[in-house]
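The values are calculated or read from the model by the stated rules, or taken from the named source; none is laboratory data. Source: prediction; values computed, not measured. Every residue, glycine among them, receives a Cβ derived from its backbone with ideal geometry; neighbour counts consider all protein chains shown. We work out accessible area using only protein heavy atoms, side chains counted, and drop any ligands, DNA or RNA first. Shrake-Rupley method; radii C 1.70, N 1.55, O 1.52, S 1.80 Å.
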Amino acid sequence: MTGVDKTKARISVYQGDITKMGVDAIVNAANPSLLGGGGVDGAIHSAAGPELLAECRLLHGCAVGEAKITAGYRLPAPFVIHTVGPIWRGGQHDEAAKLAACYTNSLLLAEQFKLRSVAFPAISTGVYGYPRPQAARIAVDTVLAFLAAHPSVNKVYFVAFDAETARLYRQLLEPEQPV
Ligand code: ADP
């Protein structure tokens, strides 16, 4: 196995609901207020319970591309890493760098908290409108680069809510496989 293949072996694609994942931390695609929203953010808050919102209120928001951590409360995951993706505005507004920063800063927090397994949703690809193929490529490239340099985070799951997003991740991670 090459070095890249060994790093890829630490990534899995899963199609379903991220709130069910029994990992050390799930990542929330939050909005800058951190006070809840729709999509994956709404699903995480409703599964975690009101204590999550109470802790989020203490964080005073989060800038685009940055990440903050809370407990997971009633979730199977003991921690939630909240990150704020960029809103897609055509691609000329630093969206790619900001989206990459979401993945890197979330994983840096995971490393700081000695978390071994992290599950990501497809950040920015819902209400924020980031084109799914471009977002998937940034997610995969950024996570591969991080994992190659940081052995302490052992496992990353890309959680796709829909089949098309799952296919995009799989194609990037296993291009030799029929799709
Ligand atoms: P954003 O505002 O960052 O675009 P959204 O929550 O609208 O965030 O969407 C981000 C991605 O999360 C979308 O691809 C959406 O399909 C997906 N999603 C929504 N609910 C869930 C869930 N329960 N588990 C995993 N992914 C989800």
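Normalised by the number of residues in the range 96-179, the average gap of Cα pairs under 8 Å and 6 or more apart makes the relative contact order 36 percent. Per residue, the accessible area of the chain comes to 47 Å², computed with a 1.4 Å probe over protein heavy atoms only. Working from the Cα coordinates of the range 97-141, the gyration tensor eigenvalues give, after taking √(5λ), semi-axes of 21, 10, 9 Å in decreasing order. At q = 0.10, 0.22, 0.23 Å⁻¹, what is the base-10 log of I(q)/I(0) for the range 81-169 according to the Debye formula with one equal point scatterer per Cα and no solvent? Please give it to two decimals. Treating every Cα as an identical point scatterer, log10 I(q)/I(0) equals -0.23, -1.08, -1.16. A cut-off of 5 Å between modelled amide H atoms, ignoring neighbours fewer than 5 places along the same chain, links residue 28 with 81, 82, 83. Label-to-label distance for residue 71 and residue 154 is 2.5 nm, based on points extended 7 Å past Cα in the beta-carbon direction. Among beta bridges identified by DSSP and lying wholly in the chain, the antiparallel ones come to about 20 percent.
In this label model, residue 111 and residue 59 are separated by 2.0 nm, measuring between points 7 Å along each Cα→Cβ vector.
Using C-alpha pairs below 8 Å separated by at least 6 residues, the relative contact order for the range 9-141 is 29 percent.
Shape analysis of the range 34-122 yields a ratio of the Cα radius of gyration to the Kirkwood radius, Rg/Rh, of 0.97.
Loop-located GluC sites (Glu not before Pro) in the range 99-179 (DSSP state other than H, G, I, E, B) with a sparse environment of at most 13 neighbouring Cβ atoms within 10 Å: 176.
Phi angles of the range 90-101 translate, via the Karplus equation with coefficients 6.51, -1.76, 1.60 and θ = phi - 60°, into HN-Hα couplings of x, x, 9, 10, 6, 4, 5, 5, 5, 5, 4, 4 Hz per residue; Gly and Pro are given as x. What the Cβ-Cβ distance of residue 10 and residue 127 gives, at R0 = 35 Å and to the nearest 0.05, is a FRET efficiency of 0.70.
If you sort the three axes of the alpha carbon gyration tensor as a ≥ b ≥ c, you get a/c of 1.5 or more for the range 124-179 and a/b no higher than b/c, which makes it oblate. A straight Cα-to-Cα reach below 20 Å connects residue 68 with the lysines 98, 114, 155, residues fewer than 8 places away in its own chain not being considered. Axis of helix 132-149 versus longest Cα principal axis of the chain: the two differ by about 80°, to the nearest ten degrees. Here the label points at residue 171 and residue 92, each 7 Å from Cα along the C-beta direction, are separated by 2.7 nm in the simple model. When the Gaussian network model of the chain links Cα atoms closer than 10 Å, the mean-square fluctuations of 71, 163, 48 top out at 163. The C-alpha radius of gyration of the chain, expressed as a fraction of 2.2 N^0.38 Å, stands at 0.96.
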